Amino acid sequence: MSLFEQRLQQLHTQLLDKKVSVAELVDQSYKRIGEVDGKVKAFLKLDEEQARSAAKTLDGQIASGGSRGLLFGLPAGIKDNIVTEGVTTTCASKFLSNFTPVYDATVMRKLKEAQAVSVGKLNMDEFAMGGSNENSAFHATRNPWDLDRVPGGSSGGSAAAVAAGEVYFSLGSDTGGSIRQPAAYCGVVGLKPTYGLVSRFGLVAFASSLDQIGPLTKNVEDSAYVLQTIAGHDPQDSTSANVEIPDYVSALTGDVQGLRIAVPKEYLGSGVDPQVKAKIEEALRVLEGMGAVVEEVSLPHSEYAVAAYYLLASSEASSNLARYDGVRYGVRTDNANNLLEMYHMSRSEGFGPEVKRRIMLGTYALSSGYYDAYYLKAQKVRTLIKQDFDQVFEKYDVVIGPTAPTTAFRIGEQVGDPLTMYLNDILTIPVNLAGIPAISVPCGLVDGMPVGLQIIGKALDEATVLRVAHAFEQNTDHHKQRPQL
Ligand SMILES: NC(=O)C[C@H](N)C(=O)O
């Protein structure tokens with residue numbers, strides 16, 4: 001059995017008892033990557049030298065009885081929009097193929113302090129724009145459950161690497177569903193924390209009012225451990241919440257007796273695959289059987305979420321991506337004759353088609369004359385969506401539905417149809433607009449492909465989200481199923 005099948009606590013006991021070394025864990029990671037990554041293609045960059053030297057240091061610390069961090073010795077993969085000192089951070093864009101950061105993102109610093117070992121950088125949709133990994137400028141990642149299907153996105157590499165057993169856990173980022181949707185498609189656990197809980201310092205900005213970093217793991221308990229490590233106030237991120245961080249692991253009581261679950265009728269309506277819907281209903285019955293109370297509610301503004309998101313996220317992106325000019329950042333064109341041509345050609349050559357589409361949409365929505373009709377209107381819709389959730393949370397502890405309307409689609413199936421692609425996020429986007437936390441946990445297979453159950457909570461109430469997810473996991477075996485590679 002792979003060492004990565006064990007829970008974090010079991011692995012820690014073995015490390016402490018010297019039954020296994022960090023060097024062996026890192027070995028196992030690279031061995032598995034060697035075996036399967038030619039097929040899955042989750043990685044953009046491996047950092048073997050640095051990982052092996054970190055393993056040596058950590059094993060030395062065990063030998064001398066030194067202290068152990070929360071994630072001691074665990075091989076991790078990092079989405080390639082999280083900056084890593086001395087290791088290229090490309091955002092899967094040709095434009096940033098030459099970018100080697102001189103500092104670590106706050107989450108990287110925290111992972112290092114907790115003594116996790118980064119083995120490499122993971123593929124994604126360019127600048128996190130996409131839901132399939134087909135927008136990576138380098139290559140498409142494949143779903144470990146069916147190599148002809150997408151892993152989801154934009155954190156597709158992060159989800160596929162965990163599902164394929166290449167790393168123990170990974171970090172992704174979620175702007176409109178980018179952790180939860182790939183987690184659902186690949187049959188792993190993906191958590192998007194409350195906006196502001198995890199520092200965005202060193203996360204390459206896409207849509208700054210929505211972006212959050214979170215963990216992808218094989219089980220909920222490990223998700224709680226990684227969240228414990230990366231959450232917390234950071235003076236370097238002005239939107240970071242200055243709140244006390246609870247003990248997420250001790251919140252996993254296994255008890256949902258009397259818990260009030262709201263199921264929005266909009267989340268199980270038309271557009272949701274009937275077989276996916278059946279899996280969600282099965283999961284709700286499991287929770288009911290454990291003593292939870294399940295009731296139908298309405299989130300009436302849900303249908304406007306995708307439209308509002310694509311205006312707001314694209315507007316923010318058009319501003320954030322203005323910095324890529326071939327001077328301060330980015331690969332500069334060789335073909336320009338003057339300064340303006342240089343800006344123009346560097347951007348034209350450097351960005352892929354989806355990034356260009358969003359920059360154009362965002363620039364249009366922000367331009368004078370259209371600002372009120374599009375950007376401002378979308379901001380108002382955002383408030384209405386948040387108020388929908390506020391009302392439901394007055395009476396209920398969590399909101400539950402599917403993470404995505406279908407299972408993973410085939411590679412190539414939706415590339416020519418951006419609108420269909422955007423609609424895959426219809427159930428995850430409202431959560432980002434409201435700034436609240438949500439987790440996706442495996443809840444069964446449909447035609448051999450994983451389905452994700454989405455559990456949404458109140459702002460800063462990750463503890464309840466994790467508790468419900470963990471209780472569900474304890475009473476089911478879905479999270480133990482693995483793809484055959
Ligand atoms: N970035 C995300 O969270 C995913 C979303 N599919 C987008 O393309 O914007």
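At-a-glance table
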quantity	calculated
Estimated 222 nm signal from helices in the chain, with DSSP H stretches of n ≥ 4 weighted -39500 (n - 2.57), rounded to 500	-11500 deg cm²/dmol
Efficiency of FRET between Ala322 and Ala373 - r from beta-carbon atoms, R0 22 angstrom, step 0.05	0.45
Distant-in-sequence amide H partners of Phe43 (H built 1.01 Å from N, under 5 Å)	Asn123
Coil-residue trypsin sites (Lys or Arg not before Pro) of segment 305-348, DSSP, other Cβ within 10 Å capped at 13	Arg328
By average C-beta atoms within 10 angstrom, highest first, the peptides 376-384, 117-125	117-125, 376-384
Dipole of the chain, positive direction: furthest Cα of Asn98, Val431, Gly156, with charges on the beta-carbon	Asn98
Nearest-0.05 FRET efficiency for Gln484 and Ser250, computed from C-beta distance (R0 41 Å)	0.70
Portion, in percent, of the accessible area of segment 10-117 that falls on carbon or sulfur, probe 1.4 Å	50 percent
Nitroxide proxy distance, nm - points 7 Å out along Cα→Cβ at Glu113 and Thr13	2.9 nm
Residues of the chain: accessible area per residue with a 1.4 Å probe, Å²	37 Å²
For peptides 105-114, 217-226, sequence by mean Cβ density within 10 Å, most packed first	217-226, 105-114
Shape of segment 2-81, Cα gyration tensor, a/c cut at 1.5	prolate
Test item: Cα-centred dipole of segment 110-169, Lys/Arg +1 and Asp/Glu -1 on Cβ, debye	220 debye
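The values are calculated or read from the model by the stated rules, or taken from the named source; none is laboratory data. Bear in mind that the values here come from a model prediction, so they are computed numbers and not experimental data. All Cβ positions, glycine included, derive from the backbone under ideal geometry; neighbour counts span all protein chains shown. Just the protein is used for accessible areas: all its heavy atoms, side chains included, with ligands, DNA and RNA removed. Shrake-Rupley method; radii C 1.70, N 1.55, O 1.52, S 1.80 Å.
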